[in-house]
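Since the structure comes first, as structure tokens, the remarks are kept for the end.
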Amino acid sequence: MAIPMERLGGRALRSADNDDAEREYDRLRDLARAENDKAHQASQRSQDAFHSGDHDASQKYSRESKQHYAKRDDYNRQAADYIFRENNAQGKVDGDSIDLHGLYVEEAERILEERIRSDQRRGQEHLHAIVGKGNHSTGHVQKIKPKVEEVCRELGLKYRTEENAGRIYINLQGGEPMKPSQHTGGGYGGQTGHTGQHQQQHQQQHGGQPQQQQQQQQQHGNQKQDDMEELVGKLLPKVLKKLEKACCTVM
């Protein structure tokens with residue numbers, strides 16, 4: 001059975017300003033697909049040899065198949081880790097947002113679920129999941145958005161599609177999602193209206209302390225980046241292990 005290697009859109013990067021990063025991502029995914037094909041071929045040879053009574057050859061091809069699957073998983077892990085870091089680097093998304101561009105549906109599902117649980121433990125009230133509009137997907141059908149909605153339902157969380165159809169607002173505390181008039185953030189990068197207003201009020205109340213605020217923002221951004229890196233490091237091996245168990249039965 002082939003792994004459902006489907007990702008969001010025609011480009012893995014949300015912005016179109018880094019062709020080198022896009023090429024590196026595509027290179028890793030192409031290597032993963034090549035290893036996946038080799039694994040299937042070796043698996044088929046293993047089955048053919050087994051049915052013909054050549055058990056030594058069957059075991060040999062079975063080992064080869066497993067080796068190719070392991071390489072495939074490693075390349076996919078590298079690609080997912082690479083593109084997730086690129087799209088969620090400090091300054092590219094707000095601290096209350098997660099960009100799922102470039103991830104396979106299964107990868108996006110697990111990473112989002114872990115991020116939700118992590119934010120809930122920290123007392124965060126909401127999360128914006130950037131899922132894209134499906135403009136570059138086959139038939140312009142959104143693939144990741146339905147999975148995000150499914151995750152929210154499974155976790156008992158309320159959500160809504162924002163005015164920008166490529167983003168979903170998730171209430172992490174179980175309440176109703178805010179109406180569009182209550183939260184007027186942009187869908188793709190930049191500060192949300194809520195965030196900008198809060199920062200402006202904070203400056204007015206404290207008489208404006210640009211240097212101190214800049215240091216606080218830098219520390220907060222670094223913490224978010226560290227949390228993101230820890231999340232990717234913990235979660236991707238679990239995703240790949242689950243995919244291998246579900247989709248890659250080898251004799």
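Assuming a viscosity of 1.002 mPa s and a temperature of 20 °C, what translational diffusion coefficient in µm² per second does Stokes-Einstein assign to the stretch 93-177, Rh being the Kirkwood radius over Cα pairs? Provide the component values of the computation, followed by the final result.
Details: Rh = 12.8 Å.
Reported coefficient: 167 µm²/s.
For the stretch 93-177, with only Lys/Arg (+1) and Asp/Glu (-1) charged at the beta-carbon, what is the dipole magnitude about the Cα centre, in debye rounded to 20? If you can, show how the numbers build up before the last one.
Working: 13 positive and 16 negative charges, 22 e Å.
Dipole magnitude for the stretch 93-177 comes out near 100 debye.
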- Message: Tell me which of Q47, N87, L31 sits at the most positive position along the dipole axis of the stretch 19-89, charges placed on C-beta atoms (Lys, Arg +1; Asp, Glu -1).
- Response: Q47
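Every number in this text was worked out from the coordinates using simple rules, so none of it is lab data. Treat the numbers as computed from the prediction; the structure is a model and nothing was measured. In this analysis, Cβ positions are derived from the backbone assuming ideal geometry, glycine residues included, and neighbour counts consider all displayed protein chains.
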